[in-house]
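This report concerns only the one structure given below.
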Amino acid sequence: MLSHLISLAPLAELSQTTGKLGGGTTDQLTWARQLQALSLIIHIPLVCFGIAFPAIVLFMEGLYLRTGDLLYKRIAKRWSKVIILFFAIGVVTGTILSFEFGILWPNFMATFGDVFGLAFGLEGLAFFIEGIFVAIYVYGWERLPKKVHFLSGVPMAIAGIFGATMIISVNGWMNNPVGFDVVQGVIVDINPWRALFNDYFWHEVAHMYLAGYMVAGFLTASVYAVAWLKGERSRYVRTAMIVPLAFAALAAPVQVIVGDWAGREVAKIQPVKLAAMEGLGTTTKGAPFTVGGYYSHSDNRVKGGVEIPKLLSLLAFHDPNATVEGLDSVAPVDRPGPVNTVRYSFHVMVAIGTLLALLGAWLIGTWWRRRRLPGSKWFYRAVAVSGVLAVIALEAGWIVTEVGRQPWIAYDVMRVSDAVTHAGGIGWLLLAAVVVYACLISMAVWLLRRLAADPEHLKEDEVSTIAGGEA
Amino acid sequence: MEHVALALMLLGVTFYAVLGGADFGAGFWDLTAGSARSGAEMRGVIERAMGPVWEANHVWLIFVLVVCWTAFPSFFGSMMSSLWVPMAIAMLGIILRGAAFALRGQARTVNEARALGATFALSSLIVPFALGTVVGAIASGRVAYGNAVTDTWSVFLNPFSIYVGVLTVALGAYTAAIFLIGDSARMGKGVIAAAFRRRALAAGGVAGLLAIAGLPIAHSEARYLYDGLTSGMGLVCVIVSALAGLATLAMVTRGVLQWPRLTAAVAVGAITAGWGFAQSPYMLPPGPANSTLTIDAAAGAEATLIALTGGIAFALIFLVPSLAWLFKLTLKGELEPPVHDYEGLAAGEEQGGSQK
């Protein structure tokens, strides 16, 4: 009897909550998860363009303003069409996400809306400003004075970065929920600024910022690299390839360093996520990094992989003998279920990230020593696939961090299963969304192919420049 | 501070109702513009008018959602979970609409333009209708506090919610017609401007009749709201709205081109303000759901409300001049995207073969 009176609940449970509207009904959980994941997967490449593409286009326009060479202007104008297309699709897919937060996770929003909402408010304002200046920039090419037009692109670039930063702040908060206390399941003492500038903010923002340049840069460059490989060797194609490629090539090697930083933060603050990334079943001193194989839930370890001794401890703590926490440091119900998903995604991201860093180094090295692009056809082939690879790495990275975050929607505080809606029929919504996204993607592809087929570089009003011998 | 946040939210709803509503309404006129041949010129005008500003318009919706979940999180969670079906319909409609509009300019054949145009126009009807039913459900006290406690279908498929949905579509069409009079006149398309004037008068008549019909419907289906709209500040707003509506119709009849935009905006804005006053002090008023939630109880943390309001005030320093510049450039015609040649498309099609 006395032992019952004095037994305390585990400390972790005291700081958890099932939320303001009550949790627990989970029959819609799978549908809700998949719908949310689908929407995020579609939205995130557009975010990269929002972060990086305006700066790349402005750079191109800057080249035009400095040299007067109409080629730069033509490329910048053409890319402006992509800015507005991707912004429009980004706004639309972002709006879907706002709706989904409420439709799918009403208890999460009800419980924590005033904790992390400030960042969303600032993000909304940023995108509003971005929308205004995208319209002015894209539709004002021939109408506004040259310098005014260029300057109108600057708020567009800044707002894009700022807006993305605010959203990433929210994701950082989900992984590192700070800025409040939990007292008997109730959220109190809310400090929205602390929540916004959580401990994950800096490395997540840095990592995504560089990822933005890698995706936008490599993807844009790859389009022209394909044209190059098909025999289109004009100055137009070369220029349109080099400029975005330069941005990406500079970002990719730095991303390796930032990735290392991110990994070490995760090791410190979300050790169970790191354990899932590696498939480390038990807490280990001097833990190895296992390449390949698969994680077996029943045996709680990776089978069939190649173990590189001490490497995980080295990567996670820069100390080969550091102790790395394993999955069994918490109860099974507190671990991410799909460990292999997290593991393989992590492998993919690191592998591609390394390859892209090498590609970047190849370009930078050759340019430094020989003041030209590498001559080898393999270089262009690499650039041609670098865009798609960068997108795959992007998605893989987000899968690592979001699936690795499970089962928490606010890490160690609220579970996804308590956040989900109690309404039925979410499966139908997922189906409808799949159909609509399929339409959206095919429309976008159709439009991009139309734009590509449009012989922009043979436009009538620029015939004189062509006659001047540039095409 | 929660009342400031609520006022900001309602202001956002007003801007969305006017500007987004006009945007959706333009889709209605696009749908009813006529055959590919006869409606081509009007469709061209509509697209030219919408082009530069439609993204900025729809950011209001996100603004409203974000302020809602930040300042009134439990209201947001209760409302979204109970009303997920119309919200999801609106969500999917917005996707399709945005895509169709962005792509329509690239159509090379009449059939392509027609397919995209139909998608655009139909979603322009469905989205405001769905959002209207959401407003109607909240205002008539049919949403309960909690995680999807209310019945999924009856919450928005009931006479009052449907009525508000239809009214929203009508108001959008009306506002759009008013705006398009001014836009087509600015483009020098006098015949189209006259066509929109006729449409504005017709839509105004329909909207007015619907608004009047609202009183008996609200009396039976949304009693608390009815009481709020027929007394105090709610009544003041109703009167202001009616007067502004009449002023708009008078000016349109007399051929005034640009001022009716303002009075139409005031008419719509007064309705949303009236809704807010009529429903206070509740976010979820008394009604069939037998579950209420006051503004004070729904309000989020004070620190957050202050930070949010401060952030908005700060952002307005940049936003207002930027928006003013955008509208100025648009109204001066300095920002129009190239007109897509719908007439040429239709003519080319008739001559047998697609235009390239």
> How far apart, in nm, are the 7 Å Cα→Cβ label points at residue A:154 and residue A:441?
Replying inline: 4.0 nm
> Averaged over A:434-446, how many beta carbons belonging to a partner chain fall within 10 Å of each residue's beta carbon?
Replying inline: 3
> Which loop-located chymotrypsin sites (Phe, Trp or Tyr not before Pro) does region A:56-100 contain, where loop means any DSSP state but H, G, I, E or B and the Cβ has at most 13 other Cβ atoms within 10 Å?
Replying inline: none
> So, with a 1.4 angstrom probe, what is the percent of accessible area on the protein assembly as shown that is carbon and sulfur?
Replying inline: 68 percent
> Taking trypsin sites (Lys or Arg not before Pro) as exposed when DSSP calls them loop (any state but H, G, I, E, B) and at most 14 other Cβ atoms lie within 10 Å, what is the longest stretch of chain A free of them, the sites themselves excluded?
Replying inline: A:1-229
>> To make sure I understand the rule: partners must be lysines, Cα under 18 Å from the Cα of residue A:377, and not fewer than 8 residues away in the same chain. Which ones qualify?
In response: A:230
>> From the mean inverse distance of alpha carbon pairs (Kirkwood) and the Cα radius of gyration, derive Rg over Rh for region B:1-148.
In response: 1.04
> Kirkwood hydrodynamic radius of region A:117-158 from all distinct Cα pairs, in Å?
Replying inline: 10.8 Å
> Which whole number gives the average count of other chain Cβ atoms within 10 Å of the Cβ atoms across peptide B:299-311?
Replying inline: 6
>> When a/c reaches 1.5 or more, the comparison of a/b and b/c decides; with that in mind, is region A:81-127 rounded, prolate or oblate per its Cα gyration tensor?
In response: oblate
> Rounded, prolate or oblate: which fits region B:22-88 when a ≥ b ≥ c are the square roots of the eigenvalues of the alpha-carbon gyration tensor, with rounded for a/c under 1.5 and prolate only if a/b beats b/c?
Replying inline: oblate
>> Among B:269-282, B:209-222, how do they line up by average Cβ neighbours within 10 Å per residue, starting with the highest?
In response: B:269-282, B:209-222
>> Using a 1.4 angstrom probe on the protein heavy atoms only, could you order B:41, A:278 from most to least accessible area?
In response: B:41, A:278
> Which sequence of A:422, B:58 reflects their accessible areas, 1.4 Å probe, from the largest down?
Replying inline: A:422, B:58
> Rank A:114, A:189, A:199 by accessible area, highest first, at a 1.4 Å probe radius?
Replying inline: A:189, A:199, A:114
> Given the protein chains as shown and a 1.4 Å probe, how many square angstrom of residue A:354 are accessible, to the nearest 10?
Replying inline: 70 Å²
>> Please report the projected area of region B:222-345's Cα convex hull averaged over all directions, in nm².
In response: 13.2 nm²
> So what's the net charge close to residue A:26: Lys and Arg +1, Asp and Glu -1, counting the other residues with Cβ under 12 Å from its Cβ?
Replying inline: 0
> When the C-alpha atoms of region B:115-170 are aligned to their principal axes, what extent does each axis show, in angstrom, from largest down?
Replying inline: 41, 22, 13
> In cubic angstrom, how much convex hull volume per residue do the alpha carbon atoms of chain A span?
Replying inline: 168 Å³
> Helix by helix, which DSSP H runs in chain A go 18 Å or more along their axis at the Cα atoms and have an average Kyte-Doolittle hydropathy of -1.0 or more?
Replying inline: A:29-67, A:70-104, A:106-139, A:146-175, A:201-229, A:235-269, A:339-370, A:377-403, A:426-453
> Based on the Cβ-Cβ distance from residue A:233 to residue A:178, what FRET efficiency comes out when R0 is 45 Å, to the nearest 0.05?
Replying inline: 0.25
> Highest mean first, what order results for A:121-129, B:182-190 on Cβ atoms within 10 Å?
Replying inline: A:121-129, B:182-190
> What per residue convex hull volume, in Å³, do the alpha-carbon atoms of the protein assembly as shown yield?
Replying inline: 174 Å³
>> Can you give me the solvent accessible area of residue A:385 with a 1.4 Å probe, rounded to the nearest 10 Å²?
In response: 80 Å²
> Per the helix-only calculation at 222 nm, which mean residue ellipticity applies to the protein assembly as shown, given -39500 (n - 2.57) for every DSSP H run of n ≥ 4 and division by its residues, nearest 500 deg cm²/dmol?
Replying inline: -24500 deg cm²/dmol
> With every protein chain present, what accessible area does residue A:349 have (1.4 Å probe, heavy atoms only), rounded to the nearest 10 Å²?
Replying inline: 50 Å²
> Along its principal axes, what span do the Cα atoms of region A:153-200 show, with the longest given first and each in whole Å?
Replying inline: 50, 17, 14
>> Using a loss threshold of 20 Å², tell me which positions in region B:115-159 are less accessible in the complex than in their chain alone. Probe radius 1.4 Å, ligands and nucleic acids ignored.
In response: B:116, B:145, B:147, B:148
> Which FRET efficiency value, to the nearest 0.05, is calculated for residue B:327 and residue A:37 with the Förster distance at 35 angstrom and r the Cβ-Cβ distance?
Replying inline: 0.35
> Across every pair of different alpha-carbon atoms, what Kirkwood hydrodynamic radius in Å does region A:271-338 reach?
Replying inline: 11.7 Å
> Once label points are set 7 Å from the Cα along Cα→Cβ at both residue B:220 and residue A:329, what is their separation, rounded to one decimal in nm?
Replying inline: 6.6 nm
> Tell me: how much accessible area in total is hidden between A and B, 1.4 Å probe, Å², nearest 100?
Replying inline: 5700 Å²
>> As an exercise, take the mean of 1/r over every pair of distinct alpha carbons in region B:1-42, invert it, and state the Kirkwood radius in angstroms.
In response: 12.3 Å
>> I'd like the residues of region B:84-99 whose 1.4 Å-probe accessible area shrinks by no less than 30 Å² going from the isolated chain to the full set of protein chains.
In response: B:84, B:91, B:92, B:94, B:95, B:96, B:99
> Looking only at other chains, what is the average number of their beta-carbon atoms within 10 angstrom of each beta-carbon in A:418-424?
Replying inline: 5
> Taking only protein heavy atoms and a 1.4 Å probe, what accessible area per residue, in Å², does the protein assembly as shown have with all protein chains in place?
Replying inline: 40 Å²
> Three principal axis extents, largest first, for the C-alpha atoms of region A:188-232, in Å?
Replying inline: 64, 14, 10
>> Checking the table A:73/A:146; A:73/B:332; A:273/A:310; A:268/A:303; A:73/A:147 against a 21 Å threshold on Cα-Cα, which pairs fail?
In response: A:73/B:332; A:268/A:303
> Are there any helices in chain B, counted as whole DSSP H runs, that stretch 24 Å or more along their axis by Cα and score at least -1.0 on average by Kyte-Doolittle, and if so which?
Replying inline: B:54-71, B:84-104, B:110-139, B:159-186, B:190-221, B:232-253, B:259-279, B:302-331
> What is the magnitude of the charge dipole of chain A about its Cα centre, with +1 placed on the Cβ of each Lys and Arg, -1 on the Cβ of each Asp and Glu, and no other charges, expressed in debye to the nearest 20?
Replying inline: 1960 debye
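The values are calculated or read from the model by the stated rules, or taken from the named source; none is laboratory data. No experiment lies behind these values; they were computed from the predicted model shown. Note that each Cβ is placed from the backbone with ideal geometry, even for glycine, and that neighbours are counted across all protein chains shown. Protein only, heavy atoms only, side chains kept; ligands, DNA and RNA dropped before computing areas. Shrake-Rupley method; radii C 1.70, N 1.55, O 1.52, S 1.80 Å.
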